[in-house]
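> My questions will all concern the structure given below.
The values are calculated or read from the model by the stated rules, or taken from the named source; none is laboratory data. Bear in mind the structure is a predicted one, so any value in this text is a computation, not a measurement. Note that we place each Cβ from the backbone using ideal geometry, even for glycine, and neighbour counts take in every protein chain shown.
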Amino acid sequence: MRIDVVSIFPTIFDALEVSLLGKARTTGLLDVRVHDLRDYTHDRHRTVDDTPYGGGAGMVMKPEPWGEALDDIVGEVDQRPVIIFPSPAGERFTQATARELSAAPHLVFGCGRYEGIDERVFDYAAELGDVRLISLGDYVLNGGEVAVMAMVEAIGRLIPGVVGNPESLVEESHEDGLLEYPSYTKPSVWRGREAPPVLLSGNHGAVAAWRREQQLVRTRERRPDLLAD
Ligand code: 5OB
């Protein structure tokens, strides 16, 4: 999968060089390229923002550097990409979104900062690819970078071969609509706390039934919204 990221803080994405995704990049499963939006400016100050038409607080990202960055990135690749702008005003990102996007050959992420990006950038991007505005959740961030880090990790680990043991992908929170069951390892008693005896019983059916029950109990307790749908 090819992933392009456009940001005014490209070094934030250095963290994608470590762990599973870093490995996937060295083995060629993932081709991640990070672009500095300021490289697509032409003035001495490398200006990417300006005051909002109509007045108001804060600054808006200018359309011209975005247009040049998108032309450069999309022009050099054949398929029509999915172009994602993280935004608190977008659709909610879920495991289903991650799964859908993990099947795309090319993703482009545009990280907004300040009060947002000139709206015409989204219209223009729709000429080059399938545009998605995506929110991580109902809270405020200073920019799209941290949201893109989370999305790239959630999507990247679903690409076949990125996670070594594919079985570890299925028994996880949200893959079956429920929260994950609790896990224990040795010692069987730690600081007076016992691991559930059923897990040491060797009875695989009983273990599976107990884990399912724990998933339901936890989900009812912590995330009743998941059981409602
Ligand atoms: N808050 N998801 C939740 C987000 C967000 C803020 C963003 C981008 C995605 O940028 C400011």
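> Which ones in region 138-160 are of a type in the set (A, V, I, L, M, F, W, C), within 16 Å of the ligand (Cβ to nearest atom) and surrounded by 12 or more Cβ atoms within 10 Å (Cβ to Cβ)?
Residues satisfying the conditions are LEU141, VAL146, ALA147, VAL148, MET149, ALA150, MET151, VAL152, ALA154, ILE155.
> Can you tell me how many residues within region 187-229 are among the β-branched types (Val, Ile, Thr) and over 23 Å from HIS174 (Cα atoms)?
2
> Quick test for you: out of ASP78, ASP43, ASP39, ASP49, pick the one residue that is surrounded by fewer than 12 Cβ atoms within 10 Å (Cβ to Cβ), over 16 Å from ALA125 (Cβ atoms), at pLDDT 95 or above and charged (D, E, K, R).
Answer to the check: ASP43.
> Now, a different point. Could you say which residue among SER102, SER135 is among the polar types (S, T, N, Q), surrounded by fewer than 21 Cβ atoms within 10 Å (Cβ to Cβ) and more than 14 Å from the ligand (Cβ to nearest atom)?
Of SER102, SER135, the one residue that is among the polar types (S, T, N, Q), surrounded by fewer than 21 Cβ atoms within 10 Å (Cβ to Cβ) and more than 14 Å from the ligand (Cβ to nearest atom) is SER102.
> Going residue by residue through region 171-191, is there one that turns out to be in contact (Cβ under 8 Å) with a residue 12 or more places away in the chain and in contact with a Phe, Trp or Tyr (Cβ under 6 Å, 6 or more places away or on another chain)?
The answer is no, given that none of the residues of region 171-191 is in contact (Cβ under 8 Å) with a residue 12 or more places away in the chain and in contact with a Phe, Trp or Tyr (Cβ under 6 Å, 6 or more places away or on another chain).
> Pairs, please: C-beta under 7 Å, at least 6 apart or cross-chain, first residue within 22 Å of PRO81 (Cβ to Cβ) and in region 1-25, second assigned to a helix (DSSP H, G or I) and among the basic types (Lys, Arg)?
Qualifying pairs under 7 Å: ILE8/ARG38.
> Only one of (1) under 30 Å from ARG33 (Cα atoms); (2) surrounded by 15 or more Cβ atoms within 10 Å (Cβ to Cβ); (3) more than 15 Å from the ligand (Cβ to nearest atom) is not met by LEU179, so which one is it?
All conditions pass for LEU179, except number (1).
> Please enumerate the residues belonging to region 86-128 that are charged (D, E, K, R) and under 19 Å from the mean Cα position of the chain (by Cα).
Scanning region 86-128 gives GLU91, ARG92, ARG99, GLU100, ARG113.
> Of the conditions (1) crowded, with 19+ Cβ neighbours inside 10 Å; (2) not in a helix (DSSP H, G or I), VAL163 satisfies every one except a single condition; which number is it?
Condition not satisfied by VAL163: (1).
> Going through region 65-94 one residue at a time, which ones are polar (S, T, N, Q), within 16 Å of the ligand (Cβ to nearest atom) and farther than 14 Å from VAL148 by Cβ?
Result: THR94, single match.
> Hey, another quick one. Being of a type in the set (A, V, I, L, M, F, W, C) and surrounded by 10 or more Cβ atoms within 10 Å (Cβ to Cβ) is the filter here; which residues of region 166-176 pass it?
LEU169, the sole residue that qualifies.
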